[in-house]
Amino acid sequence: MAEQERAPGGGEGPGAAEGSGPGAGSGTAGGAERRPSWRLLGPGIVVAATGVGAGDLVATLLAGSKFGYTLMWAAVVGCLVKIALAEAVGRWHLATGRTLFDGWRTLGPWTTYYFAVYVVVWGFVYGAAAMSSSALPLQALWPDGPGLKFWGITTGLLGLAFVWFNRYAVVEKIMMVFVGVMFVVVVYVAIRATPHLGDAFAGLLPVLPDGSLVYTLGLVGGVGGTITMAAYGYWINAKGWTDSGWMRMMRFDNRVAYATTGIFVVAMLIVGAELLHAGRISLAEGDKGLLDLTDVLEDRYGGFTAKLFLVGFFAASYSSLVGVWHGVSLMFADFVDRTRAGGDAGVEVVARGQQERSLAFRGYLLWLTVPPMALLWLDQPFGLVIAYGVLGAFFMPFLAVTLLWLLNTSRTPPEWRNGLLSNGMLGASAVLFLVLCVQQVRDLPW
C-alpha cells in the first residue's frame, strides 16, 4: 500500500500477518486489496447518520447562536476526531478478524461488567429519548393530531418492525435516504440564511471566546459521538468487509461519511450565526430548540421552509433511532455470543445475517422499544435528553482508551498497529471525552 495509506494505522498492505498475542485472529488479515469505490460506500454513512441526531444539531445551532462563526474550527476538529475513532474501530475488525467485544474481553473481565451494565441502562433511557425526539417534529407537523405519546410509540414500533424483518442491506438503503433528506434540508436552510463566507473562514482560526469552553468541547466531542461509533465494525462486517483487503475501502468510506457530517455541522452553525446570533434570538435547550427555530424560519421565509426543516428534523431523529435499533442490537448479540463462549479466543466472527435473526438481537430490540415507552408518560422529553447525554458521555472515554490498548499491543498484527498520528488522535480523544463526561455530571441538576 502506498505510504499515505499508513496513516493513521501505520499498516502497509492487505497481506498482513496474523497476530501472535492474546486475542489475535485466526483467519484474519489476508485478502486481495480492494480499491476504494463510491458505489461501495455504506457503513460510514450509517454510523454518521446514527450518531448525528436532533440533539447534536441543536447543540451546534446553540453554539452558532451564541458565538457566531467563532467556533467553526471546533466543528472541523470534531469531525477529525470521529474519523480517527471510527477508523480505529474498523481497523481492529479488519486487521484481526475479531469483533470489538471480543477484543474487550482480552483486556479483562471488567470490560464485560462495564458493557453489560452500560448497555442495559443506556438502552432503556435512549429508547425513550429517541422516540420522544422523533415524535416532536411529527407533532409540530400535525399539531391537531393525536399527541406526543402516540407519535413516540408509533415511531418506536415502526423502528422495531423495520429492523426485525430486514437485514443490514435494507437498513443501509433507508439510512442513505435519511442522510439525503438531512443533507438537502440543512444545506438548503443554510443557503437561505445567506452566509458571510469571510466570517465563516475566519472562524477556522482557533479562538476561545469567554464562556465558550463547554460549547467548544461539545462541538469537538459531542456531535456524532455515541456508542454507535463502536457499532461501525459490526456494520462493515455485515457489509461483507471481513479482512484487511478492505482497509483502504473502509478508510475511504469513513472519511466520506464524516466529511458529510462536517457539512451538516457547518450548515447548522451558519443557521445559528446568521438567523439567531445576528438577530439576538434565543432558543430553548434540548430538542425543543429545533421547534423554536421552526418558528423563526416561518417568520423569515414562510411556511414551506419551516415545514421542510421539520422534515429534516425528523430525518435526523429517526435515522438515529433506526441505526441504534440495528447497530447496538448487533453489539448486544455479539456480547451474548462471546459471553456464552466463555472466553474462547478461537471464536470466529459470526456469519453475516445470522446475528440479525438471533434471540439476543431481537430481545435487545424489544428492550429498546417496549419498556422505555413507560418513560414517555413522565412528560419530560428534555429530561430524557439530559439523561441520555450523561449516559452517552460515560461510553466514549471507555471506547477511546480501550482502542488505544488494543491497537498498541500484540492483540493487533504489527503492520496494523497504531502509528503516531492515530495514537495522538485517540489519546486526545480519551482526554476530551473524559473532560466532557466530568462536565456532564457536574451540570446535572442535583
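We did not get these values from a lab; they are worked out from the coordinates using the rules stated. Please read these numbers as outputs of a predicted model, since none were measured by experiment. Cβ atoms come from the backbone with ideal geometry, glycine included; neighbour counts cover every protein chain shown.
Using packing as a proxy for protection, rank 42-48, 202-208 so that the peptide with the highest average count of other Cβ atoms within 10 Å comes first.
Working: 42-48: 28.3, 202-208: 14.7.
Listed from highest to lowest mean packing, they are 42-48, 202-208.
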| field | Rough spin-label spacing in nm, given labels placed 7 Å along Cα→Cβ, for Arg340 and Trp110 | value | 2.9
| query | Which parts of segment 361-375 would a label at Leu157 reach, counting a residue when its backbone N lies under 14 Å from a point 7 Å out along Cα-to-Cβ? | reply | 369-371, 373-374
| said: Taking the alpha-carbon distance from Lys82 and a cut-off under 23 Å, which lysines remain once sequence neighbours fewer than 8 residues away in the same chain are dropped? | reply: Lys173, Lys239
| Cut-off 14 Å, label 7 Å out along Cα→Cβ of Val311, residues of segment 168-183 by amide N | 177-183
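Report, as a whole number in µm² per second, the diffusion coefficient that Stokes-Einstein gives for segment 78-128 at 37 °C and 0.692 mPa s using the Kirkwood radius over alpha carbon pairs. Intermediate results must be reported in sequence, preceding the final value.
Details: Rh = 12.7 Å.
Result for D is 259 µm²/s.
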| query | When Ile153, Ile270, Ile227, Ile83 are ordered from fewest to most other Cβ atoms inside 10 Å of their Cβ, what list results? | reply | Ile153, Ile83, Ile227, Ile270
| Each residue of segment 248-255 in turn: what ³J(HN,Hα) in whole Hz from Karplus with 6.51, -1.76, 1.60 and θ = phi - 60°, glycine and Pro shown as x? | 5, 5, 4, 5, 5, 4, 5, 5
| Label-to-label distance, nm, for residues given as Val120 and Phe304 (7 Å Cα→Cβ offset) | 5.3
| said: For segment 52-442, take N as its residue count and report Rg(C-alpha) divided by 2.2 N^0.38 Å. | reply: 0.96
| What whole number of Å gives the distance from the Cα centroid of segment 30-95 to the Cα centroid of segment 196-268? | 3
| Prolate/oblate/rounded call for segment 92-242, Cα gyration tensor, a/c under 1.5 rounded | oblate
